[in-house]
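*Asks:* Following this message is one structure expressed as structure tokens.
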Amino acid sequence: MNSKVTSSSTRSESPNSPWRTALATSAATDVGMRRSANQDSYCITLADDREKWERSGHLLIVADGMGAHAAGELASRLSVDLIPHHYAKLNRGDPIGAILQAVEEANSEIYRRGQANPEFRGMGTTTSALLLLPAGAILAHVGDSRIYRLRGQTLEQLTFDHSLVWEMRASGEVGEEMLRNNAVPKNVITRSLGPNPNVQVDLEGPFPLQNGDRFLLCSDGLSGQLTDEEIGILLGSLDLDMAVRAMIDLANLRGGPDNITVAVAEIRGDELVTKSVLPTPPPEDRPSYPIGFGIAGVVCALAAVVLLMVKQIPLAAVSVAAAFVAGISGWIKMMKFDSSGDRSARLGRGPHRKAQCKPSADFVKQITGVIQELQEWMVESGVQVDQRELDAAIALGQRETAARNYKQAIQHYCEVLTAMMRNARVKADDRDDESIDY
Ligand code: CA
């Protein structure tokens, strides 16, 4: 079981600078329980100092490769290597334009490499990139990896899954029941980087940053095994490293059919909080009265005056009505323009989904159930654990559950869960290539 883990706070200008602790991140990728290779990749590129952050922000990317296994690995690796490189090169004061172009250039390069070598032909990768900028969070996204934001107990999926299921639901052509019954395969994606010379990239945001906001990027190896509510509860209850670890462990304990990658970031303190509001639309975009309606109204009104003078009362009345209709229509059109003008200041249509994620007795029961099964498996398989330490943590979990402190209970039980999985891992590695069957 190969697992790569990173965790950090932003590097500092001076050791005591609030900048140092302004953003905390943690990430890990795991091959899962069924696959022999990990085709997921991620990167976290943090600005070294405030000046760089103001220009380019912090960048996090998760990519999930597909194709014959070496091809999938290469595609996702190229995505997380090329995008930060191109973005840094292209960003000359327009980070949004630069990240879009960087993703498009990565697509061209992956496509070119795929065409050049028959072994890599048709390789592709999802790519979900999160930029944390002074103006807020900007997302560039292709495929079905996801970016979530947790604020308080509300988890929002900021990205749209480019999957058959989501596209069909959005088209409104198939009923919810059909989608729920798994009549539509869940793993078919409709867009990725690499297979075609051009790609359509979703841009979303800016989403203003608040103190305490937590962002999570993941591949479908996580979102396929945990519900949004579970992801939100774990992200909101645990410290970042533990949240990443516990989510991966839980996905593996549910079968781990796919590679699992999770990257998280937390805004801490006021340094990165978005202070400015969205820029107002430029003057030419501001609503103005549509000139055609104005002219029609004035012509009708003048006609009414002339007709009155020649005593054509019925015709004059009709002209007055026409002038009135033209005037009102123009006003309605202007109001409609106004609302679309507002939307144009925002990119994309996210958030695309919301879940309330309150730590609950039900969720605690889920976790304790998993722990119990794992304990039974460990006894059967002869895996050594420090039972006293685990029992102590379980006792704390039980006490917090009885006091209805579910968040604290989840913390204790996740400690137990991750400790047991660490031991299971050691055992699995000892047994070399034998796979564990939960
Ligand atoms: Ca996957």
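*Asks:* Give the calculated FRET efficiency between Val318 and His352 to the nearest 0.05, with a Förster radius of 41 Å applied to their Cβ-Cβ distance.
*Replies:* 0.25
*Asks:* A follow-up question, please. Counting only the backbone N, which residues of region 23-43 are under 16 Å from the spot 7 Å out from the Cα of Val5 toward its beta-carbon?
*Replies:* It comes to 25-32, nothing else.
*Asks:* Is region 108-170 rounded, prolate or oblate when judged by the Cα gyration tensor, a ≥ b ≥ c being the square roots of its eigenvalues, rounded requiring a/c under 1.5 and prolate requiring a/b larger than b/c?
*Replies:* oblate
*Asks:* A further question follows. GNM on the chain, C-alpha springs below 10 Å: top fluctuator among Ile99, Ile394, Ile291?
*Replies:* Most flexible of the set in this elastic network: Ile291.
*Asks:* Something else now. What number, in percent, do you get for the relative contact order of region 349-438 if the mean sequence gap of Cα pairs under 8 Å and at least 6 apart is divided by its residue count?
*Replies:* Taking the mean separation of contacting Cα pairs over the length of region 349-438, I get 33 percent.
*Asks:* Would you kindly derive the ³J(HN,Hα) couplings of region 142-152 from the backbone phi angles with the Karplus curve 6.51 cos²θ - 1.76 cosθ + 1.60 (θ = phi - 60°), listing them in order in whole Hz, with x for Gly and Pro?
*Replies:* Working through the residues one at a time gives 9, x, 10, 5, 10, 10, 10, 10, 9, 10, x Hz.
*Asks:* With labels modelled as points extended 7 Å from the Cα through the Cβ direction, what inter-label distance (nm, one decimal) is found for Lys186 paired with Asn211?
*Replies:* That separation, rounded to one decimal, is 3.9 nm.
*Asks:* Which distance in Å, rounded to a whole number, links the C-alpha centroids of region 51-103 and region 392-425?
*Replies:* 38 Å
*Asks:* On to the next question. Hey, with R₀ at 35 Å, roughly what FRET efficiency would Thr227 and Ile291 work out to, going by the Cβ-Cβ distance, to 0.05?
*Replies:* Once rounded, the FRET efficiency stands at 0.05.
*Asks:* For the chain, go through all pairs of different Cα atoms, get the mean of 1/r, take its inverse, and jot down that Kirkwood value in Å.
*Replies:* About 24.6 Å for the chain.
*Asks:* Stretch Asp239-Ala345 to full length: gain in nm at 0.36 nm per residue minus the Cα-Cα span?
*Replies:* Once the chain is fully extended between Asp239 and Ala345, it gains 34.7 nm.
*Asks:* Work out which helices of the chain, taken as complete DSSP H runs, extend at least 15 Å along their axis over the Cα atoms and score a mean Kyte-Doolittle of 1.6 or more, then list them.
*Replies:* In the chain, the long hydrophobic H runs are 291-309.
*Asks:* Between Val299 and Asp362, with labels modelled 7 Å along Cα→Cβ, what's the label distance in nm to one decimal, could you check?
*Replies:* Here the modelled spin labels are 6.4 nm apart.
*Asks:* Moving on. Could you order the peptides 418-428, 353-363 from most to least packed, using the average number of other C-beta atoms within 10 Å per residue?
*Replies:* Answer by packing, highest mean first, reads 418-428, 353-363.
*Asks:* Relative contact order for the chain: what is it in percent, counting Cα pairs under 8 Å that are at least 6 residues apart?
*Replies:* 17 percent
*Asks:* May I ask you to derive the FRET efficiency for Leu179 and Glu380 from their Cβ-Cβ distance with R0 = 30 Å, giving the value to the nearest 0.05?
*Replies:* 0.20
*Asks:* If you count, for each residue, the other Cβ atoms within 10 Å and average over each peptide, how do 24-31, 170-177 line up from highest to lowest?
*Replies:* Put in order of decreasing packing, that is 24-31, 170-177.
*Asks:* Using only alpha carbon pairs under 8 Å that are at least six residues apart, calculate the relative contact order of region 155-266 and give it in whole percent.
*Replies:* Value for region 155-266: 27 percent.
*Asks:* Using per-residue counts of other Cβ atoms within 10 Å, averaged over each peptide, order 384-391, 408-415, 316-323 from highest down.
*Replies:* The densest-packed peptide leads the list: 408-415, 316-323, 384-391.
*Asks:* For Val426 and Asp48 in the same chain, what is the full-extension length gain: residue separation times 0.36 nm, less their Cα-Cα distance, in nm?
*Replies:* Additional length available on full extension: 132.5 nm.
Any read-out appearing in this document is the output of simple, stated calculations on the displayed coordinates, not a laboratory observation. Only a predicted model underlies this, so the values are computations on that prediction, with no experimental measurement involved. Glycine also receives a Cβ, built like all others from the backbone with ideal geometry; neighbour counts cover every protein chain displayed.
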